[in-house]
Every structure is written in structure tokens, then in C-alpha cells.
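The values are calculated or read from the model by the stated rules, or taken from the named source; none is laboratory data. Owing to the predicted nature of the structure, the values given are computational and were not obtained by experimental measurement. Note: ideal-geometry Cβ built from the backbone for every residue, glycine included; neighbour counts use all protein chains shown. Remember, those area values only see protein heavy atoms, side chains included, never the ligands or the DNA or RNA. Shrake-Rupley method; radii C 1.70, N 1.55, O 1.52, S 1.80 Å.
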Amino acid sequence: MHDDSSLDQLLERFSRGEAAAFEPLYEATAPRLLGVAYRMLRNRASAEEVVQELYLKLWKHPERFDSLRGRAWSWLIVITRRQCLDLLRRTRPETPYESEEGLEELLGPEDRVRENSLLDRVTAAEDARHLKQCLDGLSADHREAILLSYWNGWTVDETARHLGRPLGTVKSWIRRGLQNLKQCLGLKSQYAAP
Amino acid sequence: MRRLDPDFQEAIAAEYLLGVLRGAARRRLEAMRREDLELDRVIDLCETRFAALGLGVPALEPTPAFRHHLRQKLGIADLDRPQSASRTRIWFPVFAVAAVVVLALVLTWRALIPPPVPRPPMAVSLIRSPTHRTIFVAVVSAGARSVLIYPVGQPSIPSGRTLELWALEAAHPPVPIGFFAKARRGYRYGMPRAARLHLVGLAFSVEPPGGSPRPYPTGPIIGRGPMTLLAATKAHPRIRHRLS
């Protein structure tokens, strides 16, 4: 797999309109991006549509890459995932939220962050293997709730419906999963114990 | 504009990304994100860092046709076919004559032969376990646009796994249709276009959350069943209406 710096160079050449950069960039990125898109869309034709759109955007709007140099792989996967979510939302009926809750509730004292940033630690653990190890260490329920939410772009309501579990339970699984993920990455609890 | 605690921004970004933040809270955060560049940056960063999950996904080898089509879209000459333009110019008159002949044949054929039946008939499938116990009943609509799945009893789903439904085709790889969620009495799935024409059966496999990481089942097949065609005209009109 190309590392981020060599991928940066390929992306830069390609986004400058250098056609010769297409082939190595394609060889380095297309199989993995197709894999990500397929994982989300479960359909090869749709996955190819999304990845094709990504290359077209890179070719026509190179400025979008400028702010994220050094994170080429992550950036490509983020854009692929976003495009997949757009496609999923266009092709499935909008699911209304079953209830609403205010931001104030979410900003309650029990949720306050007291420790170091989760994200900083995730940065340190950008190695996918480390993240996977931490995910594998979660309980099956927590891991399933997090992965379903991430890969399908589901709201907690949709994840709860899919799992056939109460909304509060699944919400708690995701929060505890994040808490445990953070602990695995070497931090203290970010969320108050329920 | 109310600014969020910087530390809290990061926690809320993770919950936003995983869909925990809902309703008005979600909309309000999105509004704040549009005005607060720092919050926008933190959410982007969170999404970027979770993208490491994507590095663990198995790659899917693209087809040569995909690359060729992509090159065309980008306006980049296909290295595999450097002489294609000149060849096209040489062969164009031949192609044109051939196209006219084919068109004439097709028009003649259509004038003489009545049109085929437009849609395949409704079909059912009993999905049985390896021990021949029926665990799901499937009804595929006329036209194979959708399939209704009813569990017989409570399907056993291993903890931390999901059941994925597959369309089986005679000479093609299986096509994923969807997931069977727990505590559902029945579920209707849209049938992928690719699976409509040559459907010969259905199967359920046990897969990781989010489904098989490959374009085929990776976990054990807990049940499968062949399609049994029904005459579409014999189906009750209300059933046909519901299924089509």
C-alpha cells in the first residue's frame, strides 16, 4: 500500500492535470476505494459509480485536496464514504427522527469531557491495525453498534431498529463503545459511567 | 453564537459521526458547524481519523472495463488502445453498414414475432437449514423487483453477527440483497437489478456487522432454497398488487 507521502505526490500531479499520474494513482487507490464503497453499498455497480465520481472530482476540483495534505488515504476514504452516504440517502426513504432532544441535554454535566482528547489518541493510532485491535477488544454489542452506525451512516434510531433493541440501549452501547475505545487507546474515561 | 467547550467538541463530533446525536440537537450542531470554523474542523478531523477503519476493508479489484470507462470520462487516452482513434476512422464505414443491417433485422423480427412476456412470474422459496428445517419463507414479486421474507420461528443470530440475504444465480456470483434484523416478523427487500433476470435461489449467511466484506458470503450459510415459479396469472390480484 502506498504511504500518505507518496500518495500525496501522486494526487498533486493528478490534480495538476498530469494525465500520466492517473495510472499509478488508479493502481494504488482504486481497489481499496472500491472495497470501501462496496462495503457500504453492497453493490458493485454503485460502488464503481461512487469511485468514478471521486476521480472526476479530483480531476476537476483539485483545490479540495489542498487542506488535507499528509492524510491522503484518510481523506480519500472520507470522501468515498460521504459519497456513498449521499447515494444511500438518495435511494432509501428518509427515516424521520422518532423523537427530539435538545443540545442542552447533550451538554449535560455527565457528558463533559474532563480528560485528554479522544481524537488526539485516535490520531496516534491511525494505524488501522491498532484501531482494529481496539475495536476487536470491544464487546460484540458495542462493536456491532459502532460499526453499523459508521459503515451505514445510520442514526442511532436506525441502528436500534436494525438490531431490534431499544434506542436507549443502543445509544448506551455506542457511548460505552467510544469510552472503551478510548481506554484501549490509552486514555481515561471521557464519558461519565452510566 | 454559543461556542462549545473545545474538549467537548471532540466528543460530540464522534457522537455526531456515529448518529448518536439526533433530532433538534443534530440540526443545531449542523447550524453551529456552518458558523463555527473550529467546530467544522474538529468534525472533519474526527471523520478523517475514523477513516482508518477503511484501511482494514478488503480491496475489490476493479474490472478493465471500469478503468477504460473512467479514462474516457476523464478524457485521458487509453494507454491500452493507442491506435483506437485511427482504427475507428478506418472501420467506421463497416460499422455503419453493419448497424443498418442489424437494425433492419431487429425491426423485421419485432414485426413478425409477438413480444415476449415482459416479466417473469411470481416465485416462492423455502429457505432451509442444512438439517432441512424451513427457517424462512420467501415470496419474490412478479418482475422480481422485491422479495418478502418471513421467518419461521425465531431465527438464531450469533451475537455480534448479522444475517445477510443473497440472491443466487446460475452462472454468476451471488448478489447481496440486504440484512435480516432481529425481532422482525417479516421484511420486504428491493431486489437488486443485477439479480432480477437469472434468479435461481436465495440464501442467508452469517456475516460480521455491516455485512460480508467481500462480494460473496464469507460466513457460514445457515439456509438456502431454490425458487419455485408460480404462474403470475393465478396469483390473487391483491397479492400481485402488493408484491409488484
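Annotations for the structure displayed:
- Note on residue A:139 and residue A:23: their simple-model spin labels are 5.4 nm apart, each label 7 Å out from Cα toward Cβ.
- In this view, the solvent-accessible surface of residue B:227, computed with a 1.4 Å probe and all protein chains in place, comes to about 30 Å².
- Where labels lie 7 Å past Cα in the beta-carbon direction, separation of residue B:131 and residue B:170 in nm: 3.4
- Efficiency of FRET between residue B:5 and residue A:183 - r from beta-carbon atoms, R0 22 angstrom, step 0.05: 0.55
- Less than 5 angstrom separates the built amide H of residue B:230 from those of B:122, B:123, B:124, all sequence-distant by 5 or more or on a different chain.
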